[in-house]
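Here's the structure, in structure tokens; my notes come after.
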Amino acid sequence: MSEILLETRNVTKRFGGLIANEDINIHVNKGEVLGIIGANGAGKTTLFSMLAGALPVTSGEILFKGIPIQNMKSSRVCKLGIGRTFQIVQPFTNLSVLDNVIVGAFLRHPKYADALRAAEQVLRFTGLYDIRDVPGDSLTLTQKKRMELAKAIATEPDILLLDEVTAGVNPTEHPVFMKLVTDIRDNGITVVIIEHVMRVIMNISDRMYVLNQGKLIAEGLPADIAKNPQVIKSYFGEKRNVENK
Amino acid sequence: MLKKLRVLIIVAIVVAILPIFVKDDYFIHTLVMALMFAYLASSWNILGGFVGHFALGNGVYIGIGGYITALLFKTNGISPWIGLIISAVLAGFLSLILSYPCFKLRGSYYVLSTVALLHAFRIVVMNEKTLFGYDTGSSQGLRLPWRGGFINMQFESKLGYYYVIAAMLLVAIIISIYIKSSKNGFYFSAITTNQEAAEAMGVNTTVYKLKAQFISAALTALGGGFYVMFIMFLDPNRVLSYNFSVEIMLYAVVGGLDTIWGPVIGAAVLYPVNEALRISLGTSFTGLSTAIYGLILMLVVYFMPGGVFPWIFKKISDIHRRKVKAVLQNEGGVPHV
């Protein structure tokens, strides 16, 4: 049994009458890539936002290394070691690519020279080093997605929450991102990933959870999840005959 | 950092030797006012430019600086140098209390809250005869007695004031340069564009906004204290007016928001222009000087949308780039710049 880094206990989130997440119990093992899938509106991003401290929980507990972090400010959650990317890229448009990443690096390296060195290393790792002086808003979407990753990695997290890194990215570039995610894991960072593109998430996840209408409906290895009738029902509807596929 | 300091040293030398060539008292007076506005605009820029929080109520901190320095001097005989420091510290801490709730607001709502603070402050000052037992002169204004001497920050010649405000501006610029090249500056820039993203990267946005507010308010209070000692009269109708706060913001915006030199250039260019227009046209055609000044502002904003300083900076680097290109072409090399 590997070490549990992050877990939720009966986490529920309500927006008025709408239940976005109900009684969610998940755990993330150290060193794995954990995939979370679910149809649109299943509550994946809500769950993510709560894990990252961007949203308070309505009830339940979130434990990171045993410390309760529910309702903690996201800057504190980040300091503890949870990094995140956003589904919609959030570049600092007034800063260059390098400076965008330096903002992240300052978290662990308060001196400019140290932060610069750390940021350059992250830029090489994410393949952005050659365009480091370009302003953050003049990148292509693919480059912005890479920069999102670089910014989060620069905070040197123990666990990285990736919200749809390949959304809007040209399918020919998917393998590059998949390689990047596995490289991140191989560098000792645990990854939790939300993804719509099945080919991507099935290939890179070590383990998966499936959400449907705010509830957890399945957990397991990617191969098992793909065969789970309940999952198939939530994605394709009642009448789809799996065997004939 | 070193390059930035080189420019600063050159400018400081020019400012230091300028009075040797100009003896005219009125000219020095105008220079002092221009430097003071450059100082106030630079102080405003730390919150308004670096962090992108468009405070339009800095008159509050100018007022705090002015009243505390003046009242301690007039009533208690405390040296303005000490009064300035006391007022800066008080203004800094008070700004934290006042801004904390305002920082929960975003965009225009934040701006409105600072305007409301200014109006509330002015109304209280102008309607109360005494504040904390001190006679503020309320709407009549506060007149200072002449005591003379360095210890009382009162100089026979305007040159004394000139060097005091020049030194204060130098400090404000050094603080700005330091902020911009440190972690604070990067965090401020991140907060300006995207607070949520900054939070997600471990930036406690509230703490950093308050830091900027503290520095900005404390420096502004020092400027207010200086202003009162220079004019020897504190008129709440002027200092606490909305226009006065807007004027300061305008110098920073027109000069170049979020830059070190923008607010300085803005005030150094616009204040003398405004003054010259007022002197030459003010008596013959009432209102014409204001109209021309407004027109100049509109033209500057239209043709230099990023501000005067970024515009000049771009022109210089364009010329430099063209030179490099020409050299490369002459040598038969491929221009890559």
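The values are calculated or read from the model by the stated rules, or taken from the named source; none is laboratory data. Just so it is clear, the model here is predicted, and its values are computed rather than measured. All Cβ positions, even for glycine, are placed from backbone atoms using ideal geometry, and neighbour counts span all protein chains on display.
Structural remarks
- Considering the range A:117-135, the residues that are touching a strand residue (DSSP E or B) at 6+ places or on another chain (Cβ under 8 Å) and either more than 10 Å from A:V101 (Cα to Cα) or of a type in the set (V, I, T) (or both) include one that is nearest to the other protein chains (Cβ to nearest Cβ), namely A:P135.
- With respect to the conditions (1) more than 10 Å from chain B (Cβ to nearest Cβ); (2) assigned to a helix (DSSP H, G or I); (3) touching a strand residue (DSSP E or B) at 6+ places or on another chain (Cβ under 8 Å), A:A152 falls short on a single one, namely (1).
- Looking across the range B:169-203, the residues that are crowded, with 21+ Cβ neighbours inside 10 Å and more than 14 Å from every other protein chain (Cβ to nearest Cβ) come down to B:L169, B:A172, B:I173, B:S176.
- Taken as a whole, the structure leaves A:D114 outside the set of residues that are out of contact with any strand residue (DSSP E or B) (no Cβ under 8 Å at 6 or more places or on another chain), among the acidic types (D, E), crowded, with 19+ Cβ neighbours inside 10 Å and within 11 Å of another protein chain (Cβ to nearest Cβ).
- Unique residue being surrounded by 15 or more Cβ atoms within 10 Å (Cβ to Cβ), more than 22 Å from B:V15 (Cα to Cα) and more than 13 Å from the chain's Cα centre (by Cα) when the list is B:L250, B:L277: B:L277
- Looking across the range B:88-138 at every residue that is farther than 30 Å from B:F188 by Cβ and of a type in the set (V, I, T), the one that is modelled with the lowest pLDDT is identified as B:T130.
- Residue in the range A:16-35 that is within 17 Å of the chain's Cα centre (by Cα), small (G, A, S), modelled with pLDDT under 90 and surrounded by 19 or more Cβ atoms within 10 Å (Cβ to Cβ) present: no
- Within the range B:216-261, restricting attention to residues that are within 14 Å of chain A (Cβ to nearest Cβ) and in contact with a Pro (Cβ under 8 Å, 6 or more places away or on another chain), the residue that is farthest from B:F93 (Cα to Cα) is B:G256.
- Any hit, the range A:186-205, residues being of a type outside the set (K, R), in contact (Cβ under 8 Å) with a residue 24 or more places away in the chain and at positive phi: yes
- Residue check for B:Y67: more than 21 Å from B:V239 (Cα to Cα) and out of contact with any Cys (no Cβ under 6 Å at 6 or more places or on another chain): no
- Total residues in the range B:1-40, condition surrounded by 14 or more Cβ atoms within 10 Å (Cβ to Cβ) and of a type in the set (S, T, Y): 2
- Selection of the range A:136-146 for residues being within 11 Å of another protein chain (Cβ to nearest Cβ) and in contact with a helix residue (DSSP H, G or I) (Cβ under 8 Å, 6 or more places away or on another chain) yields only A:G136.
- Picking from residues in the range A:87-106 that are under 19 Å from A:I184 (Cα atoms) and within 7 Å of chain B (Cβ to nearest Cβ), the one that is surrounded by the most Cβ atoms within 10 Å (Cβ to Cβ) is A:G104.
- Every listed requirement among (1) within 14 Å of chain B (Cβ to nearest Cβ); (2) part of a strand (DSSP E or B) is met by A:V191 save one, (1).
- Scanning the range A:187-207 for residues that are closer than 16 Å to A:S2 by Cβ and not hydroxyl-bearing (S, T, Y) yields A:G188, A:I189, A:V191, A:V192, A:D206, A:R207.
- Check on B:S284, modelled with pLDDT under 90 and of a type in the set (S, T, Y): yes
- Restricting attention to the range B:75-110, the residues that are buried (at least 20 other Cβ atoms within 10 Å of the Cβ) and either closer than 20 Å to B:G149 by Cα or in contact with an Asp or Glu (Cβ under 9 Å, 6 or more places away or on another chain) (or both) add up to 3.
Results for (1) under 24 Å from A:K13 (Cα atoms); (2) surrounded by 16 or more Cβ atoms within 10 Å (Cβ to Cβ), shown as yes or no for each residue.
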position: A:D158; (1), (2): no, yes
position: A:G168; (1), (2): no, no
position: A:M178; (1), (2): no, yes
position: A:D183; (1), (2): no, no
position: A:G188; (1), (2): no, no
position: A:R199; (1), (2): no, no
position: A:V210; (1), (2): yes, yes
position: A:P222; (1), (2): no, yes
position: A:P229; (1), (2): no, no
